[in-house]
1. Given (1) open to solvent by 80 Å² or more (accessible area, probe 1.4 Å); (2) free of Cβ contacts under 8 Å to residues at least 24 places away in the same chain; (3) within 21 Å of Gly39 (Cα to Cα), identify the lone condition not met by Lys170.
2. Across the range 117-157, what is the number of residues that are open to solvent by 60 Å² or more (accessible area, probe 1.4 Å) and hydrophobic (A, V, I, L, M, F, W, C)?
3. Check Arg162 against each of (1) free of Cβ contacts under 8 Å to residues at least 60 places away in the same chain; (2) out of contact with any Leu (no Cβ under 9 Å at 6 or more places or on another chain); (3) open to solvent by 10 Å² or more (accessible area, probe 1.4 Å); (4) not in a loop (DSSP other than H, G, I, E, B) and name the one condition it does not meet.
4. Show me the strands (runs of 3 or more DSSP E) entirely contained within the range 1-112 in which 1 or more residues are of a type in the set (D, E, K, R) and either surrounded by fewer than 16 Cβ atoms within 10 Å (Cβ to Cβ) or touching a residue at least 60 places away in the same chain (Cβ under 8 Å) (or both).
Amino acid sequence: MTMDYKQYSHRIDYSITQSTLGLILIAASSKGVCWMQFGEDDLSLIQALQKQYPLAKISSAQNLALNTFKNWIQEIESYLQGKSDLNSLPLDMHGTEFQITVWKHLKNIPLGTLTSYQKLAESMASPKSVRAIAKACATNHIALAIPCHRVVKSDGKLAGYRWGLELKAKLIEIEKAQSQLDLF
């Protein structure tokens with residue numbers, strides 16, 4: 001079942017931390033991480049979260065939730081240091097049925113593997129949906145855990161990344177260090 005994030009009216013807790021790649025806000029519903037974004041400062045990250053989920057009850061993580069966020073932050077740092085993947089993070093994806101399908105396919109791209117938008121479209125049995133797939137990647141709300149950074153142009157060159165091509169290249173390099181990079 002898909003849910004429009006603009007209509008999501010439940011509680012969302014968040015935590016902001018400085019990672020090795022910059023400031024990151026992690027937000028979660030009772031089902032799991034629903035938003036993970038890089039940003040320049042706390043206020044702009046919180047405002048972006050509120051804009052994404054205008055009906056949600058948003059608050060800073062407290063008590064038991066804070067311990068959960070600390071564990072997730074440790075897992076993210078471990079990933080950013082090239083020591084693990086993020087497959088164990090529980091996710092609560094909100095989007096259209098097509099977006100969620102794309103994001104699930106992205107989660108199935110193995111760590112250290114790159115694919116093209118065209119190959120991703122073909123693997124989804126939708127070879128003419130390359131632009132729609134690229135748009136779904138661009139609207140990914142959960143940085144790192146939904147690995148849209150693993151998708152490149154058909155010629156192998158880096159293409160759009162919501163948080164910039166420099167960060168995309170760094171993430172690919174981190175994963176390359178963990179495994180033999182498999183270029184489509």
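The values are calculated or read from the model by the stated rules, or taken from the named source; none is laboratory data. Keep in mind that this is a model prediction, so the values were computed, not measured. A quick note on method: Cβ atoms are made from the backbone with ideal geometry, for glycine too, and the neighbour counts reach across all protein chains shown. These accessible areas exclude ligands, DNA and RNA; they are computed on the full protein's heavy atoms, side chains included. Shrake-Rupley method; radii C 1.70, N 1.55, O 1.52, S 1.80 Å.
1. Of the numbered conditions (1) open to solvent by 80 Å² or more (accessible area, probe 1.4 Å); (2) free of Cβ contacts under 8 Å to residues at least 24 places away in the same chain; (3) within 21 Å of Gly39 (Cα to Cα), the odd one out for Lys170 is (2).
2. Residues meeting the conditions: 1.
3. Failing condition for Arg162: (4).
4. 11-19, 57-60
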